[in-house]
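The next block holds one structure in the form of structure tokens; read it before the comments.
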Amino acid sequence: MNAYVKRVIDEFREKHRDEKEFIQAVEEVLSSVSPLIDAHPEYEKAAILERMVEPERLFSFRVCWEDDEGKVHTNTGWRCQFNGALGPYKGGIRFQKDVNESIIKFLAFEQTFKNGLTGLPIGGGKGGSDFDPIGRSDSEIMRFCQSYMTALYRYIGPDVDVPAGDMGVGAREVGYMFGEYRRLKGTFENGTFTGKGRSYGGSLIRPEATGYGAMYYLNEVLKHENDTIAGKRIGISGYGNVAWGILKKAAEVGAKVVYMSGAEGYIKDEEGICTKEKIDFVEQMKYKHLDLRDYVREFGCEFVEGKKYWGAKDIDICMPAAVQNDVDLESARKIADAGIKYYIEVANMPTTADALKYLRQQKNIIVAPSKAVNAGGVAVSALEMSQNSQRLSWSAEEVDSKLKEIMANIYHLCEEAAEHYGLGYDLVAGANIAGFEKVAEAMLAQGIF
Ligand code: GLU
């Protein structure tokens, strides 16, 4: 490894010793870009690595709200404006009880390179709160979103920082936050948020974009292997918005998602989660507070409590689409032993560092990295920003064809960057190098700060 890279990683580990997710994300990117740093001695002179791992800005704020019984709760809210070299900070907001500063920073750091890969003018940011939305009423969600926005509204804007959804934040939450923002600012700046409802400037295909984009990226991987999607059997984890998009596209192209897992266990639906009825059901699960047991009650398939399906031999493609570090080393070994050929990361950093290292060493598995695979969501967000600036709305076909093109382009960037640096067919390293280089070049051009 390049000595400069090693020094920065060592210093970073020491400084951030309690932030394990942030360390994991930084180490993965920095160790991958070693050949790029070798080729660009000017990066060290400009301290690019040190600057790349330091967020430009991080807000932390109190979010107070009253539940339906009148009890007052206090949560912490964050917004991290990680890197603005390519455009306004851009990234979602996550509401989930385990969210902490390390998670926000790792997500914002990853977002920076993901957004760079899209080729669109967006910098990297992320926000969130340790608020647990599970089981909360609609009014409680609204009050929480309003309180969160009251604290944040002065620091965002269409040319400053543009939040969107992430886990626990969908169109409903974005609507409440945008409403509060509009009320406080007194202007209709709908370009300040993406993932909005259609009636006030949301883009067609945005709800499907992350899942569709993942399937388009997968398609490029399959093409590279002279393989096709039709008839493939897929296992996914998670059943949120991203999983829903995958289900929709998989059904359309004749692939079958047969396994789906959540915290409560997994289902095996031999007929595939393919019909409109099943896919619509999955879409509604979050809002109706349902889980996989309800799916089984409705559609009558197999349910295995408290377990993951990693290790199942009767699938071709594995797509973790739940949360970070969902696949550990033991799970990775099972996946490899089962002979799965395609390991397509969809959630942000779904694989632990040791598991990812192990999978990348396996000759018979292709690993596609999340920061490239899931970039379709934020890419369509950037297209939503363009539509809002133009005060126009594009057709679903137009947005979808742009998304397809962007995903194919991202795939080729990953493939070519790895090839260029003599790393062979290594999409993980390729994504890190291509994303990093894009941001680093913009930072260099803009001077030292
Ligand atoms: N939260 C999504 C992500 O991880 C989307 C962000 C956005 O649309 O700004 O990329």
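Can you tell me the alpha carbon radius of gyration of region 305-381 divided by the globular rule-of-thumb value 2.2 N^0.38 Å?
So region 305-381 has a normalised radius of gyration of 1.06.
How high is the relative contact order of the chain? Use alpha-carbon pairs under 8 Å, at least six apart in sequence, and give a whole percent.
Details: 910 pairs, mean separation 70.1, N = 449.
RCO, the chain: 16 percent.
Past the 37 angstrom mark, what percentage of all C-alpha to C-alpha distances in the chain do you count?
In whole percent, the long-distance tail amounts to 20.
For region 1-59, what is the Kirkwood hydrodynamic radius in Å, using each pair of distinct C-alpha atoms?
For region 1-59, the Kirkwood estimate is 11.8 Å.
Taking square-rooted eigenvalues a ≥ b ≥ c of the alpha carbon gyration tensor, is region 385-449 rounded, prolate or oblate, where a/c under 1.5 means rounded and, failing that, a/b exceeding b/c means prolate?
Oblate.
If R0 is 22 Å, what FRET efficiency do you get for Asp354 and Ala3 from their C-beta distance, rounded to 0.05?
Result of the calculation: an efficiency of 0.35.
Got a sec to turn the phi values of region 223-228 into Karplus ³J(HN,Hα) couplings, 6.51 cos²θ - 1.76 cosθ + 1.60 with θ = phi - 60°, whole Hz, x for Gly and Pro?
Karplus values, whole Hz, x for Gly and Pro: 4, 4, 8, 6, 10, 9.
With a probe of 1.4 Å, find how much accessible area the chain has per residue, and write the answer as a whole number in Å².
Spelled out: the 1.4 Å probe surface of the chain, per residue, equals 40 Å².
Dimensions of region 52-156 along principal axes (Cα, Å, largest first)?
47, 25, 21
What are the semi-axes of the equivalent ellipsoid of region 108-186, taken as the square roots of 5 times the eigenvalues of the Cα gyration tensor, listed largest first and rounded to whole Å?
24, 16, 10
Have a look at region 145-226 and give its Rg and Dmax from the Cα atoms, expressed in angstrom.
Final numbers for Rg and Dmax: 15.9, 55 Å.
So how do His412, His40 rank on accessible area, 1.4 Å probe, biggest first, that is with the largest at the start?
If we order His412, His40 from most to least accessible, we get His412, His40.
Skipping prolines and chain starts, which residues have an amide H placed within reach, meaning under 5 Å, of the one on Asn83, given they are 5 or more residues away or on another chain?
Glu56, Gly124
At a probe radius of 1.4 Å, what is the per-residue accessible area of Ile448, in Å² to the nearest 10?
130
Normalise the Debye intensity by I(0) for region 302-449, one equal point scatterer per Cα, no solvent, then take log10 at q = 0.20, 0.22 Å⁻¹ and round to two decimals.
Calculated log10 I(q)/I(0) at the listed q: -1.22, -1.33.
For region 338-355, just list the computed ³J(HN,Hα) in residue order, Karplus coefficients 6.51, -1.76 and 1.60, θ = phi - 60°, integers in Hz, with x standing in for Gly and Pro.
Once θ is set to phi - 60°, the couplings for region 338-355 become 6, x, 5, 8, 10, 10, 10, 5, 10, 5, 5, 6, x, 10, 5, 4, 5, 5 Hz.
Any idea what the alpha-carbon Rg over 2.2 N^0.38 Å comes to for region 185-298? Mind dumping the intermediate values first?
On the way: Rg = 16.3 Å, N = 114, 2.2 N^0.38 = 13.3 Å.
Here the answer is 1.22, to two decimals.
Where in region 284-304 does the label zone of Ser137 land, with the point 7 angstrom along Cα→C-beta and an amide N cut-off under 17 Å?
288-289
For the chain, which whole percent of the accessible surface, found with a 1.4 angstrom probe, sits on carbon and sulfur atoms?
49
The values are calculated or read from the model by the stated rules, or taken from the named source; none is laboratory data. As the structure is a prediction and not an experimental result, all values here were calculated from the model. Ideal geometry is used to build each Cβ from the backbone, glycine not excepted, and the neighbour counts take in all protein chains shown. Remember, those area values only see protein heavy atoms, side chains included, never the ligands or the DNA or RNA. Shrake-Rupley method; radii C 1.70, N 1.55, O 1.52, S 1.80 Å.
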